[in-house]
Amino acid sequence: MADNPGITFERLPHPAPTDAAARVAALANPGFGSVFSDHMVTIDWEDGKGWHDATVRPYGPLSLDPATAVLHYAQEVFEGLKAYKQADGGLAMFRPDANAARFNASARRLAMPEIPEEVFIESCRLLVDTDRDWYPTVEGGSLYLRPFMIASEPFLGVRPAKKYKYLVIASPAGNYFKSNATTVSIWVCREHSRAALGGTGAAKCGGNYAASLVPQAEAIEHGHDQVVFLDAEEHKWVEELGGMNLFFVFADGRIVTPPLTGTILPGITRNSLLTLARDEGLDVHEERYSLQQWQADAASGKLVEAFACGTAAVVTPVGTLADHDGEIVIGSGGPGQLTQKFRDRLVGIQRGTIEDKHGWVMKLGF
Ligand code: PLP
Ligand code: COI
């Protein structure tokens with residue numbers, strides 16, 4: 001049992017955990033998002049009662065009434081953060097307070113209850129503690145945590161539900177990209193938008209990702225890894241990828257990332273890299289960048305690097321940009337100098353080999 005202001009977690013250990021040989025095999029090559037640890041956290045919320053029944057329990061299926069609101073109107077939000085093994089062998093989470101704050105911002109947008117930040121963090125900490133044997137052995141691995149919340153009331157009227165379920169599951173993770181490639185290739189989506197002004201683009205809700213699947217499939221069909229979305233109004237300005245933010249590095253030293261206008265996800269990796277860049281006095285800007293300019297700058301050599309960043313993808317160079325008119329190689333087509341430097345710096349802080357000047361790393365004490 002672990003205490004929290006007002007919330008006590010009950011711990012129900014798995015009666016038949018995964019056998020060690022199967023776990024060890026899975027941990028050697030987990031890929032991304034298909035291996036899950038033995039436990040999960042569940043906490044319930046009900047109108048008039050608040051958060052209750054916090055439990056770390058065996059991982060397993062949920063039983064839902066077919067009328068459960070989330071199944072009909074997608075009232076759901078989620079987060080993604082990672083626990084990393086430190087140089088001293090212990091485990092630590094990276095900026096879980098930022099994930100908690102974004103989770104609650106998403107919840108507000110979807111008319112869902114907020115969860116106390118300390119309960120969010122404790123739920124993640126307890127799951128990592130319980131399933132620390134699920135830390136992957138693959139090089140560059142981490143334990144990916146997926147907190148999420150669903151409207152659990154069986155009700156078909158369109159209004160905010162009166163019951164919710166918050167869960168956390170843990171997934172040992174290797175490389176996000178199947179190909180293990182050192183760069184991603186990007187396909188321009190012209191027909192569909194991810195989010196419009198006033199919509200839910202800045203919230204981390206499942207619906208945004210459902211809407212990204214057709215364009216993402218189009219990217220794959222054309223032989224590319226990821227799709228880049230443009231703004232919904234003018235179809236001109238670069239926004240972000242389906243699950244990552246973008247940065248651009250120019251020959252004159254300028255660094256640009258699209259601004260937070262309400263239509264893109266305020267990435268925690270994006271924010272961390274902006275902070276690291278400003279720490280170093282680099283010439284970094286949050287400003288709009290058009291696709292046309294991107295294509296022109298890549299062709300002229302003015303743009304020397306572009307990279308995608310996010311919890312799952314870390315910092316991954318963009319190798320090529322393609323649309324129906326053809327393909328342009330960005331810079332050298334491989335990892336650029338600054339991209340590599342940002343990646344090394346961020347990974348170093350996350351894994352405790354570089355000093356954490358901003359208090360981003362929350363050591364877990366085990
Ligand atoms: N943009 C989208 C749409 C995402 O899904 C993610 C991943 O969470 C990001 C950006 C990057 O966010 P973060 O750095 O917080 O993982
Ligand atoms: C993440 O980086 O945590 C994401 O959520 C991206 C994707 C897996 C949805």
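The values are calculated or read from the model by the stated rules, or taken from the named source; none is laboratory data. This is a predicted model, so every value here is computed, not measured. No Cβ is skipped: glycine too gets one built from the backbone with ideal geometry, and neighbour counts run over all protein chains shown. These area figures cover heavy atoms from the full protein model, side chains too; ligands, DNA and RNA do not enter into them. Shrake-Rupley method; radii C 1.70, N 1.55, O 1.52, S 1.80 Å.
Quick rundown of the values:
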{"quantity": "Count - residues of segment 252-267 that are away from ligand 2 (no atom under 16 Å from the Cβ) and not in a strand (DSSP E or B)", "calculated": "9"}
{"quantity": "Segment 42-99, residues that are among the aromatic types (Phe, Trp, Tyr) and closer than 12 Å to residue 151 by Cβ", "calculated": "45, 73"}
{"quantity": "Residue 276 surrounded by 15 or more Cβ atoms within 10 Å (Cβ to Cβ) and either in contact with a strand residue (DSSP E or B) (Cβ under 6 Å, 6 or more places away or on another chain) or among the aromatic types (Phe, Trp, Tyr) (or both)", "calculated": "no"}
{"quantity": "Pairs where the first residue, in segment 47-63, is in a loop (DSSP other than H, G, I, E, B) and the second is among the small types (Gly, Ala, Ser) and open to solvent by less than 40 Å² (accessible area, probe 1.4 Å), C-beta under 8 Å, 6+ apart", "calculated": "59/37"}
{"quantity": "Criterion: out of contact with any Ser or Thr (no Cβ under 8 Å at 6 or more places or on another chain), over 23 Å from residue 203 (Cα atoms) and either open to solvent by 30 Å² or more (accessible area, probe 1.4 Å) or not in a helix (DSSP H, G or I) (or both) - qualifying residue of 92, 101", "calculated": "92"}
{"quantity": "Residue list for segment 58-84, filter: more than 16 Å from ligand 1 (Cβ to nearest atom), touching a Pro at 6+ places or on another chain (Cβ under 9 Å) and over 24 Å from residue 160 (Cα atoms)", "calculated": "58"}
{"quantity": "Every residue from segment 225-245 that is crowded, with 19+ Cβ neighbours inside 10 Å and either touching a Leu at 6+ places or on another chain (Cβ under 8 Å) or not in a loop (DSSP other than H, G, I, E, B) (or both)", "calculated": "226, 227, 228, 229, 230, 237, 238, 239, 240, 241, 245"}
{"quantity": "Looking only at segment 6-32, and only at residues there that are open to solvent by less than 40 Å² (accessible area, probe 1.4 Å) and part of a loop (DSSP other than H, G, I, E, B), the one that is modelled with the lowest pLDDT", "calculated": "31"}
{"quantity": "Test: residue in segment 159-168 that is within 16 Å of ligand 2 (Cβ to nearest atom) and outside the structural domain of residue 25 (by TED's automatic domain parsing)", "calculated": "no"}
{"quantity": "Matching residues, segment 185-210, being within 13 Å of ligand 2 (Cβ to nearest atom) and modelled with pLDDT of 95 or more", "calculated": "203, 204, 205, 206, 207, 208, 209, 210"}
{"quantity": "The listed residue being basic (Lys, Arg), more than 16 Å from ligand 1 (Cβ to nearest atom) and not in a loop (DSSP other than H, G, I, E, B), out of 270, 278", "calculated": "278"}
{"quantity": "Within segment 135-158, considering residues that are buried (at least 23 other Cβ atoms within 10 Å of the Cβ) and among the hydrophobic types (A, V, I, L, M, F, W, C), the one farthest from ligand 2 (Cβ to nearest atom)", "calculated": "151"}
{"quantity": "Residue 194, sole failed condition from (1) assigned to a loop (DSSP other than H, G, I, E, B); (2) of a type in the set (Lys, Arg); (3) farther than 28 Å from residue 327 by Cβ", "calculated": "(3)"}
{"quantity": "Out of 167, 145, sole residue that is assigned to a strand (DSSP E or B) and either without any contact (Cβ under 8 Å) to a residue 40 or more places away in the chain or within 15 Å of the chain's Cα centre (by Cα) (or both)", "calculated": "145"}
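Residue by residue, here is whether (1) open to solvent by less than 50 Å² (accessible area, probe 1.4 Å); (2) among the aliphatic types (A, V, I, L, M); (3) modelled with pLDDT under 95 holds:
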| residue | (1), (2), (3) |
| --- | --- |
| 316 | yes, no, yes |
| 321 | yes, yes, no |
| 338 | yes, yes, no |
| 350 | yes, no, no |
